[in-house]
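**Q** Before we start, here is the structure in question, set down as structure tokens.
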Amino acid sequence: MNANLEQIKQEIIAGAEELASSREVYEFKKKFLDGKAGKIGLLMKEMKNIPPEQRADYGKGVNELKEWALGFLGELDVKMKEKELQARYEAEKIDISLPAACSEEGNLQPITLVRNQLIDIFSGMGFEIYEGAEIETDYYNFTALNTPQDHPARDMQDTFYLSPEFLLRTQTSAGQIHVMEKQQPPIKILSPGKVFRSDDDATHSPMFTQMEGLVVDKGITLCDLQGMLDVFVKKIYGEGTKTRLRPSYFPFTEPSVEVDCSCFECGGSGCKLCKGTGWIEILGAGVVNNKVLENCGIDSNEYSGFAFGIGIERTAMLKYGINNIKLLFESDLRVLKQLND
Amino acid sequence: MITPLSWLKEYVDIDVTPQELEEKLFSCGFEVEELYEVGKDISKVVVGHVLTCEAIPDTHLHVCQVDCGEHGTFQICCGADNVCAGGKFPVALVGATVYATAKDHKTVEGVMTIGKGKLRGYESFGMLCSGVELGVSENMYPGAGYNGLLVLPEDAQIGADVKPMLGLDDWIFDIAITANRPDCQSIFGIAREVAAVLEKELKYPALDYTETEATLEGFKVSVDCPDLCPRYSAHYVTDVKIGESPAWMKRRLALVGIDAISNVVDITNYILKELGQPMHAFDLSTLEGNAINVRRAKDGEKIVTLDEQELTLTEANMLICDGVKPVALAGVMGGLNSEIRETTSAVLFESAKFARDNIRRTSRALGKRSDSSARYEKGVDEYATVMAMKRALHLIEELECGKVSCMHVDVNTGNSVEPRELTVSIDKVNKCLGIVVPNEDILRIMKNLAFEPTIDGDNLTLQVPAYREDMETYQDVAEEVIRMYGYEHVVPAFMPSAQVTIGGLNLTQKSELRLKKALCSVGAYECIHYSFFSPSDLDLLRLPEDAVERKAIRLVNPISEELSLMRTTLAASMINAVARNQKKGNLEGRLFEIGNVFMPYELPLTQYPDEKPRLCVGIFGEKESFYTMKGIAEKIADTLQVSFTYENMSNTFLHPYQTAKVLCEGVEVGYFGKLAYDIADECDLRTPMFVMEMDLKILSQWYGKKPVFTPLPKFAEEKRDLAIVVSKDITCGQLEAVMKDACKYITNITLFDIYEGEQIAADKKSMAFTVVFTPKDEAFTAESVDGFVKKILKQLGKNFGAELRS
């Protein structure tokens, strides 16, 4: 072994001790291995000064030194880079409990959320969405719905009047008359909208939202109402939910029913939400009174129908566990931000 | 309808538990809103026999040894003045619950549990009770009203539970009656349903009486307003002896919340509850002119009612008059001048049917409600009117408080109390229900409901009792059948015979939902506010007297002045919502609402007003500015695939220099701007607020605009940054417009910097734009773009004296 080669090897080993960064490794490597200009490259130039019989050994020695240097410094480079990466990460250590930086996404009002959910369900069943006017006439809100002037059912609702003829609709059913006047069956409509009654306490608001459904076609019966309600409650409250019909009274349906569904909180065993009964009242419904059909020029001998009305606030309150209806109309961001559904 | 079980049992043999009866009533359409035992708070109270009773020295107390039979004999201290050896009294054993009373021994202050006690060194194992402590009034049990111990009968079995003997084991059903069943607004009415649902016989209350030959010569009853009073009957009762009613009657009245007054008055109240017919009794001696006349009041006519209030009437009210003067406000309240007194010796009973609407309106207009008016408002049937008079006369005899004369006058406008025949198709009934109810079940159900049914082929013929005014069509029959047959028989189906329809939202509904979602994406939360607002909101917005917003529709009967006008702008509700948020410490946020405004064509309304959907956005916080709101406007434009332009404007509630009118293709669609400082101060806002309102009815003409694909440019775009120096009053919009005019290849101009300062003249500003040029048919050369820039600069110079910043 040429002493010169050994000297270079020692020089590399000693010099490597001093290296502190991958950049320095790069520079150091260049000093020895930069093609023909590096120290090892220059050794090859020495070849001509080596006696011919030694040349083979010399060349082998230089190549071995080059291989070794490449491996040695390459390894050093990898180690150095690993160290540097680690150091960079260390330097970027953060407190992950600091507040998040994100662009805030707003949210639809809970009433709209429930309304959209119901619209989705009923759209799929072939219901068109019809939004009537908030200001209605006495005729469309009451008379056409089989609630004439002295009818006791008018006591059920305290109506806001705007004039002797005009009022704030007390029920979305008012809109159905407009639809039935313009359109012959088959009719499948869903009327969501604001309705108004002179009531003001923790569970009543002078304005609230109803969603009324109406089907008029040939051969519609109470069984179809039950069937549709079964589908509806399963979609909104879960597969296992059952419905129960019980007699009630609305002037525009006959027979009329209140519809309860098995309590989605306790499954029917009785809890605080269902007041121990296992059932929760969710909507009113019935077979459309023939007088209403006739009032709209629909032949009740040929067609029949059913109708139902859901209180959206009540559904939203049950769904989100909201205890005071007023919270839905106060626009308190602390409330709105919670109900992100 | 408060219904005591004991009273119901007079008409039906009820052999089910109160809970089972509740279930039965519920299933046939009568929801029991509350069911409770009369003595629900009383337990472990038994009959005690006081063996010894010794006074405790220097006190009003006695120490007694009380035999409580099987429960043992206990030492009990007692402070009542009527405690005595040998007496039988209720004993609350240790662990019993009774009512706690205040120091007056009359006022109930909750329920207490009896424990062992020690009074003046004497141990006491229980309590001897008064009526109040057991919740028993004088009317519920004679003697219970005494302010001392309740004295039990001598034959009371020692150690027995006192609840049955005091009637505390009775049950109260509070039953909700739907508006179509006014015939069930009485205990007997409920009993009819109970008999039907339990399939038991219905026992009628006794209606018999014997008439004497007494009469009133020439007494006339006339009705001038048969539309308001379809039936009026009167009967004369002689030899009246006013006194107390018997204990059974007082007890029943007490259970339904009525105080006993005197036998004759109690009879009318009893019948109101029993049969649902309001009755009135006039002191005959106060009636002048030998007549009763039912008529409309004259405008301004006055009457003083039983409660000593003078009412001024209108023609809308109905009066009962004698031959000379008004003696009662029909259906609402008797007159003070004809009321029953202790000295009354002859009575004229009234049993009448008044139009429910008239009574309701009178009662509301005069603010005068009574049990009678509440009952009339729901509708009284002919059947009850006739039955009630007979029952009253029977009770006069039973209570031995008068003699029934033969003077009976009945003014009937032609109504019958006989059953009506109704024939319906059984097939139609079944087709309404969607199931086939066996004929024998239909017959059974109709029979139980006293409809005397017969079936002939498809025809079901019923004899509908007069009290069932609601029964008119096969649908009504279907309801009767199914509520008794059971809704569990309904089989779910899914409209097998119906045609397929395609449902879903229409374009407007879809577009509004897209707008809402777009606003959510910029951090805004949706709100829903009332459709009505306050006149003070119009003042808050500083709207001038002639502003269109002031022409708002007024509610005739608002809940309050704050909720008395239909909204003509959404801005006020939004400002109030932000103010509420700031009061609660929410100092920044974004809110929006889509709701209607109501613009009348004229007032008062004679046609539907213009109901227009509007969008209102309210943003507030230190981070918000005119430009963040403008960003929201741009978001709306992007969502609808349109572009907006903006013009300066001012209105009464926004900052004079930070308000913009928004135009879409040149059409005004809304405005936005910073809330005026005086209004922000008035609302105590702590951070700046910006408000936007857009007319969605106008914007809806652009709903559904589809994006059009523009092929990508074949040749490379060129960008140039131009810093333009102009005088300070030139706007960005003006510069952009001129640049766009100057070169048809400009596809985008973006302002990226504004500079004012030392490097340029004091009255100037530098605005730096990035201008994008897009080639059309051939690629640009370096010279062609330089040419465009030159042209632009020339135009800017010509229009605004603008120069390129050096």
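**Q** From the list B:ALA768, B:ALA716, B:ALA723, B:ALA762, pick out the single residue that is within 23 Å of B:GLY797 (Cβ to Cβ) and not in a strand (DSSP E or B).
**A** On inspection, the qualifying residue turns out to be B:ALA762.
**Q** How about segment A:189-294: which strands (runs of 3 or more DSSP E) wholly inside it have at least 2 residues that are under 14 Å from A:GLY305 (Cβ atoms)?
**A** Where strands (runs of 3 or more DSSP E) fall fully within segment A:189-294 and carry at least 2 residues being under 14 Å from A:GLY305 (Cβ atoms), they are A:207-217, A:253-262, A:279-288.
**Q** Give the number of residues within segment B:431-450 that are touching a helix residue (DSSP H, G or I) at 6+ places or on another chain (Cβ under 8 Å) and either within 13 Å of chain A (Cβ to nearest Cβ) or within 18 Å of B:GLY29 (Cα to Cα) (or both).
**A** Of the residues in segment B:431-450, 12 are touching a helix residue (DSSP H, G or I) at 6+ places or on another chain (Cβ under 8 Å) and either within 13 Å of chain A (Cβ to nearest Cβ) or within 18 Å of B:GLY29 (Cα to Cα) (or both).
**Q** Ok, one more. Residues in segment A:151-164 that are more than 9 Å from chain B (Cβ to nearest Cβ) and more than 38 Å from the chain's Cα centre (by Cα): how many?
**A** Counting residues in segment A:151-164 that are more than 9 Å from chain B (Cβ to nearest Cβ) and more than 38 Å from the chain's Cα centre (by Cα) gives 0.
**Q** Here is a follow-up. Which one of these does A:TYR249 not meet: (1) among the hydroxyl-bearing types (Ser, Thr, Tyr); (2) surrounded by fewer than 24 Cβ atoms within 10 Å (Cβ to Cβ); (3) more than 7 Å from every other protein chain (Cβ to nearest Cβ)?
**A** Failed condition: (3).
**Q** For segment A:110-135, give me each residue that is assigned to a loop (DSSP other than H, G, I, E, B) and closer than 14 Å to A:LYS194 by Cα. Working first, answer last.
**A** Of all residues in segment A:110-135, those assigned to a loop (DSSP other than H, G, I, E, B) come to A:125-127, A:130-134.
Within segment A:110-135, A:TYR130, A:GLU131, A:GLY132, A:ALA133, A:GLU134 qualify.
**Q** Does segment A:136-150 include one or more residues that are part of a loop (DSSP other than H, G, I, E, B), facing chain B (nearest Cβ under 8 Å) and crowded, with 18+ Cβ neighbours inside 10 Å?
**A** no
**Q** Check segment A:208-217 and report whether any residue there is at the interface with chain B (Cβ under 10 Å from one of its Cβ atoms) and charged (D, E, K, R).
**A** Looking for residues that are at the interface with chain B (Cβ under 10 Å from one of its Cβ atoms) and charged (D, E, K, R), one finds at least one in segment A:208-217, hence yes.
**Q** So A:TRP279 ticks every box in (1) free of Cβ contacts under 8 Å to residues at least 40 places away in the same chain; (2) of a type in the set (A, V, I, L, M, F, W, C); (3) more than 11 Å from every other protein chain (Cβ to nearest Cβ) but one. Which box is left unticked?
**A** A:TRP279 satisfies every listed condition except (3).
**Q** Could you check segment A:290-341 and list, in sequence order, the residues that are within 12 Å of another protein chain (Cβ to nearest Cβ), touching a residue at least 24 places away in the same chain (Cβ under 8 Å) and over 30 Å from A:GLY227 (Cα atoms)?
**A** A:ILE325, A:LYS326, A:LEU328, A:PHE329, A:LEU336, A:LYS337, A:LEU339, A:ASN340 - these are the residues of segment A:290-341 that are within 12 Å of another protein chain (Cβ to nearest Cβ), touching a residue at least 24 places away in the same chain (Cβ under 8 Å) and over 30 Å from A:GLY227 (Cα atoms).
**Q** Something else: Tell me, which residue of segment A:165-207 that is more than 7 Å from every other protein chain (Cβ to nearest Cβ) and hydroxyl-bearing (Ser, Thr, Tyr) is farthest from A:PHE142 (Cα to Cα)?
**A** The residue in question is A:THR203.
**Q** A further question on this structure: Of (1) within 60 Å of the chain's Cα centre (by Cα); (2) at pLDDT below 90; (3) not aromatic (Phe, Trp, Tyr), B:ASN748 satisfies all except one. Which?
**A** (2)
**Q** Taking into account only those residues within segment B:455-469 that are surrounded by fewer than 20 Cβ atoms within 10 Å (Cβ to Cβ) and either at the interface with chain A (Cβ under 9 Å from one of its Cβ atoms) or among the aliphatic types (A, V, I, L, M) (or both), which is nearest to the chain's Cα centre (by Cα)?
**A** So, considering only residues that are surrounded by fewer than 20 Cβ atoms within 10 Å (Cβ to Cβ) and either at the interface with chain A (Cβ under 9 Å from one of its Cβ atoms) or among the aliphatic types (A, V, I, L, M) (or both), the one nearest to the chain's Cα centre (by Cα) is B:ALA466.
**Q** Of the residues that sit in segment B:2-32 and are closer than 17 Å to B:ARG192 by Cβ and polar (S, T, N, Q), which one is surrounded by the fewest Cβ atoms within 10 Å (Cβ to Cβ)?
**A** The selected residue is B:SER27.
**Q** Another question about this same structure. Between a residue in segment B:39-63 that is surrounded by fewer than 18 Cβ atoms within 10 Å (Cβ to Cβ) and any residue that is acidic (Asp, Glu), which pairs come within a Cβ distance under 8 Å, given they are 6 or more apart or on different chains?
**A** B:LEU51/B:ASP67; B:HIS60/B:ASP81
**Q** Considering each of B:GLU593, B:GLU588, B:GLU545 in turn, give the residue that is under 29 Å from A:ARG197 (Cβ atoms) and among the charged types (D, E, K, R).
**A** Exactly one of B:GLU593, B:GLU588, B:GLU545 is under 29 Å from A:ARG197 (Cβ atoms) and among the charged types (D, E, K, R), namely B:GLU593.
**Q** For the subset of segment B:474-502 comprising residues that are touching a residue at least 24 places away in the same chain (Cβ under 8 Å), within 7 Å of chain A (Cβ to nearest Cβ) and within 30 Å of the chain's Cα centre (by Cα), which member is surrounded by the fewest Cβ atoms within 10 Å (Cβ to Cβ)?
**A** B:TYR487
**Q** Here is a further query. Please go through segment B:503-544 and give me each residue that is in a strand (DSSP E or B) and facing chain A (nearest Cβ under 7 Å), ordered by number.
**A** Passing the criteria: B:GLY504, B:TYR525, B:GLU526.
**Q** Looking at segment B:323-333, can you tell me whether even one residue there is surrounded by fewer than 21 Cβ atoms within 10 Å (Cβ to Cβ), assigned by TED's automatic domain parsing to the domain that holds B:PRO230 and under 30 Å from the mean Cα position of the chain (by Cα)?
**A** no
Residue by residue, here is whether (1) crowded, with 16+ Cβ neighbours inside 10 Å; (2) closer than 30 Å to A:ILE312 by Cβ holds:
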position: A:LEU73; (1), (2): yes, no
position: A:LEU76; (1), (2): yes, no
position: A:GLU82; (1), (2): no, no
position: A:GLY106; (1), (2): yes, yes
position: A:VAL114; (1), (2): yes, yes
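**Q** Take the residues in segment A:106-130 that are more than 7 Å from chain B (Cβ to nearest Cβ), of a type outside the set (A, V, I, L, M) and touching a strand residue (DSSP E or B) at 6+ places or on another chain (Cβ under 7 Å); name whichever of them is farthest from B:ALA552 (Cα to Cα).
**A** That would be A:ARG115.
**Q** Taking segment B:561-613 as the search range and keeping residues that are assigned to a helix (DSSP H, G or I) and facing chain A (nearest Cβ under 8 Å), which one is nearest to B:LEU513 (Cα to Cα)? Quick ask: steps written out before the conclusion?
**A** From segment B:561-613, those assigned to a helix (DSSP H, G or I) are B:561-563, B:571-583; that's our starting set.
After this cut, where a residue has to be facing chain A (nearest Cβ under 8 Å) as well, the list is B:563, B:577, B:580-581.
Working: B:LEU563: 28, B:ALA577: 22, B:ARG580: 26, B:ASN581: 25 Å.
Taking the candidates together, the pick is B:ALA577.
**Q** Moving on. Report those helices (runs of 4 or more DSSP H) wholly inside segment B:424-488 carrying at least 3 residues which are in contact with a Cys (Cβ under 7 Å, 6 or more places away or on another chain). It would help to see each step written out before you state the result.
**A** Working: elements: B:426-433, B:439-448, B:474-485.
Output list reads B:474-485.
The values are calculated or read from the model by the stated rules, or taken from the named source; none is laboratory data. Please read these numbers as outputs of a predicted model, since none were measured by experiment. Heads up, the Cβs are rebuilt from the backbone with ideal geometry, glycines too, and the neighbour counts pull from every protein chain shown.
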